[in-house]
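Quick notes on the structure that follows.
Nothing in this text is a laboratory measurement; each read-out follows from the coordinates by a stated rule. Remember, predicted model here, so these are calculated numbers, not experimental data. Cβ placement follows ideal geometry from the backbone for every residue including glycine, while neighbour counts extend to all protein chains displayed.
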Amino acid sequence: MEAIKPLLLDFLQPDDFFDNILVIESVDYLPQLRERYPKAGIFAVVKDEDTVDKFAGLDVEFHVIDYREERLPFEEEFFDTIIGDLTLEVVINPQDIAAGFSTYLKQTGVWITSFRNIRHWSVIDKLMRGRFGGIVSRLYAKVEFERLCYASFYKEVRMMPVVKTAPKGLIDKLVECGFENINNDLETEFWLIRASRSMPELSLLKSMYTLEQRQKLSIILHRIEYGIETEASVKKFWHLYDKIGLFPDYTAAFIRSVVIHRERFYKTLIAKSNDRSEIEEILSAAEEVNEMEPALVAGGVFR
């Protein structure tokens, strides 16, 4: 099978500000990545030591290892993105590799990769003619790869098709034989993948304050939610609010993401906050406040 064209950088977005980038084998991306992210730390994992000399002037840290067989020599949650074409095509356990990549990504990180579509007309045509030679390769269908990503701890998966048009009349014949062609899947030769460790809204929450600050805030919110030393917990909440410079919109979004019993939480927070002016702003930013307002009024705490 012919090699995939280098298209993964089409999945980079204008607001992708990457500090640390890992490239898996797909070294043709290195010059473009260095040009686009001149101050980023760029790392590359390759099996062939001769590859290193070809990119000597790009300030790339190379590691000559087989990512399929060896643990990568990096800290967990170090990379903003891991980029590599067809990274799960020749592996024994694809979910182990996919999940392993996720451990090296920051909470806001993304894995950008691709796979060959087993339902592409060229694959089916070779099978029909008895000439398929991809015995050592793993090919995937779109739904199968999506499920693999979600099972490997990615929270959002986006896909982009790379189309190779079939000879005239072949798609009609395949459809007549019972092959579904939803969204032109039979002419999609490759799927490009952008798998994120967090949903977009949570990525923003995780990017604005340190992990330690978010963990501390989460613990305090849960103590208020479940009535644990509520007066002291509310004081700690406002102390942290002032200390790290929280603001109403962020705070409301963070509460929405971690607090389950929000009506009970807000009742306690309002009752114990000693008229902090920010309360009304946080409530205004909370999407669910209109639904909770009658209950809060009935409890005598909503103003």
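Values for this structure:
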read-out	value
Dipole moment magnitude, nearest 20 debye, segment 209-298 about Cα centre, only Lys, Arg, Asp, Glu C-beta charged	440
Label-point separation in nm, LYS173 to VAL90, each point 7 Å along Cα→Cβ	3.2
Among TRP111, TRP191, TRP121: highest mean-square fluctuation, GNM of the chain, C-alpha pairs under 10 Å	TRP121
Net length gained if the chain between MET208 and ASP275 were fully extended (0.36 nm per residue, minus Cα distance)	21.4 nm
Extended-chain gain in nm, criterion 0.36 nm per residue less alpha-carbon gap, VAL64 and GLU76	2.4 nm
Residues of type aspartates and glutamates that LYS142 reaches as a straight line, Cα spacing below 17 Å, ignoring anything fewer than 8 places off in the same chain	ASP85, GLU89, GLU156, GLU180, ASP185, GLU187, GLU189
Lys, Arg +1 and Asp, Glu -1 on Cβ, resulting dipole of segment 54-106 about Cα centre, debye, nearest 20	100
Footprinting exposure proxy for SER273, SER233 (fewest neighbouring C-beta atoms within 10 Å first)	SER273, SER233
Choice from ALA166, ALA99, ALA195 showing the highest fluctuation, given a GNM over the chain with Cα pairs closer than 10 Å	ALA166
Stretchable slack from ARG256 to ILE182, in nm (0.36 nm times residue separation minus alpha-carbon distance)	23.0 nm
Spacing of the two label points (7 Å from each Cα toward its C-beta) at PHE17 and ALA141, in nm	4.3
Student exercise, segment 1-120 dipole from Lys, Arg, Asp, Glu Cβ charges, in Debye to nearest 20	360
Most positive-pole-ward Cα, GLY57, PRO161, ASN20, against dipole of the chain from beta carbon charges	PRO161
Calculated FRET efficiency for the pair VAL163/ALA56, C-beta based, R₀ 41 Å, to 0.05	0.65
Of all DSSP beta bridges in segment 8-203, antiparallel share, percent nearest 5	45
